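Chemist: Dumping the structure here so I can ask a few things about it.
Coordinate-derived values only; no laboratory data. Not measured: the values here are computed from a predicted model. Glycine gets a Cβ as well: all are built from the backbone with ideal geometry, and neighbour counts include every protein chain shown.
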Number of protein chains: 2
Amino acid sequence: MNWQDIFATRMGRMKASEIRELLKLLDQPDIISFAGGIPDPALFPVQAFQGAMTDALSPANSSAALQYSVSEGYGPLRDWIVDEMTALGVPCTRDNILITSGSQQALDYLGKLLLSPNDTALIGWPTYLGALGAFNAYEPNYDQLIPRGNRSAADYAQTAKDKGGQVKFAYASVDFANPTGETLDRTARESILDLAETLDIAVIEDSAYQALRYDGDPVPPMLALEVERKGSIDTCRTLYCGSFSKTLAPGLRVGWVCGASEVISQMVLMKQAADLHSATLNQMAINTVARALFADHTANLRRVYRVRRDTMLAALQEHMPEGVTWTKPEGGMFVWVTLPKNIDGGELLRHALETQKLAFVPGQAFFADRSGANTLRLAYSLADEAQINEGMQRLGAAIRDLA
Amino acid sequence: MNWQDIFATRMGRMKASEIRELLKLLDQPDIISFAGGIPDPALFPVQAFQGAMTDALSPANSSAALQYSVSEGYGPLRDWIVDEMTALGVPCTRDNILITSGSQQALDYLGKLLLSPNDTALIGWPTYLGALGAFNAYEPNYDQLIPRGNRSAADYAQTAKDKGGQVKFAYASVDFANPTGETLDRTARESILDLAETLDIAVIEDSAYQALRYDGDPVPPMLALEVERKGSIDTCRTLYCGSFSKTLAPGLRVGWVCGASEVISQMVLMKQAADLHSATLNQMAINTVARALFADHTANLRRVYRVRRDTMLAALQEHMPEGVTWTKPEGGMFVWVTLPKNIDGGELLRHALETQKLAFVPGQAFFADRSGANTLRLAYSLADEAQINEGMQRLGAAIRDLA
């Protein structure tokens, strides 16, 4: 049987991810890896989850915890998120919250909701690789939202029309973005909202790292800025994607979308058709743990990760040869490195693995147009200070070899 | 903002489900409901799950249980499923198994994998409502696989071509199907495989109720029959969807697809892009519980549910007026009732709710062509014997009112 003959056309866009292939290397124990943007398991609130699971599986709760539940998500958890969003400047109700299986599922559902084949998504150059993966399934074109240059709204609209569709949304990771570590300032956020108003499109705000700010002043979410303009979330075009993966634990797969109730109710129907609901037990456990310790726990994460960021920035300063530049993130897990033009990140990875037992992610995969060959992403979340210092020394040596 | 203007065309097919709206009625405590096809929570292996969660969150396992994991699923659970599938006549390896978030997600992914807009899916008339919901997102046409009548393969192909696409798969729920409770015999299964060979299409075998056989001889899965023909799963066109929702617990959202490794590896990429992976902790817990008690636990479920089925069949015999017929399922959770032609299932539900405080699902929703107005589905899984007797008496009275 020739499966390629009966696969849907969208499968032509679904290829093996470079990050995925790379992660297989992590099984080799003597590699120092800055590849995966994953939280340090030593920081998981294990004891709190033990208590939460005991509670969820107690006689009073186990029938509900192990049973089917509603597609929109567990009510008390949606209430906790309502309070959290309200504190971020987004007054809302349960009807504005859909629980998803991680924010990756939120991105998949938003692509499914908005993109017909040949429609255009405006994204960063570079952008989160997982967003490209999720959206690709719905066969869009991409255009460059960030950096925007001098392009007008009319130019975006015409370019999309020339490609056989229309612009459907602008997608931006706003705080300490994956992969660059950069944060959009208030002016940049207002400018995206202005563009979206003119084009009459949605805004997808990816806020997975929001709680991990180590210094600098918080910038309000685009959704909060839009609520300021319009007075109510239900007339807003911004759909905010949040996640517990970077704060409590990724293995439970719990995230959320916050937006206009008209859109959330449509996404509830989509979720019902796609997987009925996210695991009941997990939502109950996340609710218990978030209510018990979210603020204290994220404060501790910030304390630990801040030291790693500072260590990495100092080690880059010490070990990078001339001609190499990098971002100075105010939070999150990533530093983005730009190499001299003649050095290819993929070649550097092969060389660094072989000669230095060092891993990171070449930057090219994060660009929809496959530019950015001379870039790479470093994640500092999983490495201790000694590994970071040793790793940056090795990175400097590998770059010098290819310079 | 007019969201309808920017929603993808596929959203036109995604409407509120009648079952979903109906389930809201279950909050009224004095209603006797045979609507939801959901397991009895009194039968959940709660103690085993408590132990499994304690183990998963122990120092040796918690880092893995709460962390990101691979998209294909937890290795030891895939190994358990390999043994289970082998026992069902499907020798296979880990590479033939993808873990999904319930078998509903498997149906969504298989629609996404195979259906371009206007392609045709062959389904039952009636069929599982959740399959219609999952497939609808990929904008297919439907044609009638069961009952097939005298239609030839060429006729199926031509009909699909006339509608602007090609036949991509035949979908069948094989054992004690939702909604009819009926089982396809070996001849029917072989006939679907023959048709699929001629059309060169995939076969989706929905086997969610497989473990719940109360009497009669087991029929080999279509995938086992195809392995018999071809010698290896990797040259088979059947994709088998299994679930722990009806055997261990639906609230953990764990199911699987078993099929040719070429298809599974493509679905792994799809899952990575859509939600990264199913919850790690849940897969570990299901693995522990399945290994500890799957055989004994399902034997107990069969003992309990068999009594409920027998009670319902006897009560139908006692209380149904002349002109009403129903299926005699060998397992599962459902009896399918055919009313006299002039009685509409939707009207009967409204009348039964109002005058008898009785709920069930009108059959029309299970037909892609909205036929079957004089049918309804009864689920006996959640009701005790007294409720079943009382409920069938009330149903008889409601039908007599409308006759």
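Chemist: Over all directions, average the projected area of the Cα convex hull of the range A:301-393 and note it in nm².
Modeler: Mean orientational projected area (the range A:301-393, Cα hull): 6.0 nm².
Chemist: Okay, next question. Name the residue, out of A:A368, A:A177, A:A274, whose mean-square fluctuation peaks in a Gaussian network model built on chain A with Cα pairs under 10 Å.
Modeler: A:A274
Chemist: Please list, or write none, the aspartates and glutamates whose alpha carbon is within less than 18 Å of the alpha carbon of B:K341, excluding same-chain residues fewer than 8 places away.
Modeler: B:E322, B:D369, B:D401
Chemist: Then there is this: Apply the a/c threshold of 1.5 to the C-alpha gyration tensor of the range A:68-293 and tell me whether it is rounded, prolate or oblate.
Modeler: Judged from the Cα gyration tensor, the range A:68-293 comes out prolate (a/c at least 1.5, a/b above b/c).
Chemist: Now a separate question. Can you sort B:F366, A:F7 by how many other beta carbons sit within 10 Å, fewest first?
Modeler: Least crowded to most crowded, the residues run A:F7, B:F366.
Chemist: Counting other beta carbons within 10 Å of each residue's own, what order do B:W326, A:W3 fall into, fewest first?
Modeler: Ranking B:W326, A:W3 by Cβ neighbours within 10 Å, fewest first, gives A:W3, B:W326.
Chemist: A follow-up question, please. How do A:T327, A:T127, A:T198 line up, fewest other C-beta atoms within 10 Å first?
Modeler: Final ranking by Cβ density, sparse to dense: A:T198, A:T327, A:T127.
Chemist: Based on DSSP, what percent of beta bridges with both residues in the protein assembly as shown are antiparallel, to the nearest 5?
Modeler: Rounded to the nearest five, the antiparallel share is 50 percent.
Chemist: May I ask which residue of chain A has the beta-carbon nearest to the axis carrying chain A onto chain B, and at what distance in whole Å?
Modeler: Its Cβ sits closest to the axis: A:M53, 2.
Chemist: Once you've got the GNM for chain A with C-alpha springs shorter than 10 Å, pick whichever of A:S265, A:S191, A:S278 has the biggest mean-square fluctuation.
Modeler: A:S191
Chemist: How big is the antiparallel share of DSSP beta bridges in chain A, given as a percent to the nearest 5?
Modeler: Roughly 50 percent of the DSSP beta bridges within chain A come out antiparallel.
Chemist: Report the far tail of the P(r) of chain B, meaning the percent of Cα-Cα pairs longer than 34 Å.
Modeler: 31 percent
Chemist: At 222 nm, what value in deg cm²/dmol follows for the protein assembly as shown if DSSP H runs of at least 4 each add -39500 (n - 2.57) and the sum is divided by all its residues, to the nearest 500?
Modeler: -13500 deg cm²/dmol
Chemist: Averaged across B:45-57, how many Cβ atoms of other chains sit within 10 Å of each residue's Cβ atom?
Modeler: 4
Chemist: Follow-up. For peptide A:179-186, what's the mean number of Cβ atoms from other chains within 10 Å of each residue's Cβ?
Modeler: Counting other chains' Cβ atoms within 10 Å and averaging over A:179-186 gives 0.
Chemist: Per residue and in cubic angstrom, what volume does the convex hull of the Cα atoms of the protein assembly as shown have?
Modeler: Here the figure is 158 Å³ per residue.
Chemist: Right, something else. Using a Gaussian network model of chain A whose springs link C-alpha atoms within less than 10 Å, name the residue from A:I204, A:I32, A:I81 with the highest mean-square fluctuation.
Modeler: Result: A:I32 has the largest fluctuation of those listed.
Chemist: Can I ask one more? With the cut-off at 21 Å, tell me which of the pairs A:K271/B:K15; A:K161/B:K163; A:K15/A:K112; B:K112/B:K163 have Cα atoms farther apart than that.
Modeler: A:K161/B:K163
Chemist: Shifting gears a bit: If we sort A:151-164, A:286-299 on the protection proxy, mean other Cβ atoms within 10 Å, highest first, what's the order?
Modeler: Highest mean packing first, the order is A:286-299, A:151-164.
Chemist: If you average the sequence gap of Cα pairs under 8 Å that are 6 or more apart and divide by the length of chain B, what percent do you get for the contact order?
Modeler: 23 percent.
Chemist: First select every other residue whose beta carbon is under 11 angstrom from the beta carbon of B:E390; then total the charges, Lys and Arg +1, Asp and Glu -1.
Modeler: 0
Chemist: Sorted from shortest, what are the nm distances separating the label point of A:G323 from equivalent points in the other copies, each placed 7 Å from Cα along Cα to C-beta?
Modeler: 9.0
Chemist: When each copy gets a label point 7 Å from Cα toward the beta-carbon at B:P218, what are the spacings between them in nm, shortest first?
Modeler: Between copies, matching label points for B:P218 lie 5.6 nm apart.
Chemist: Taking a label point 7 Å from Cα toward Cβ, how far is A:G231 from its twins in the other copies, in nm, shortest first?
Modeler: 7.5
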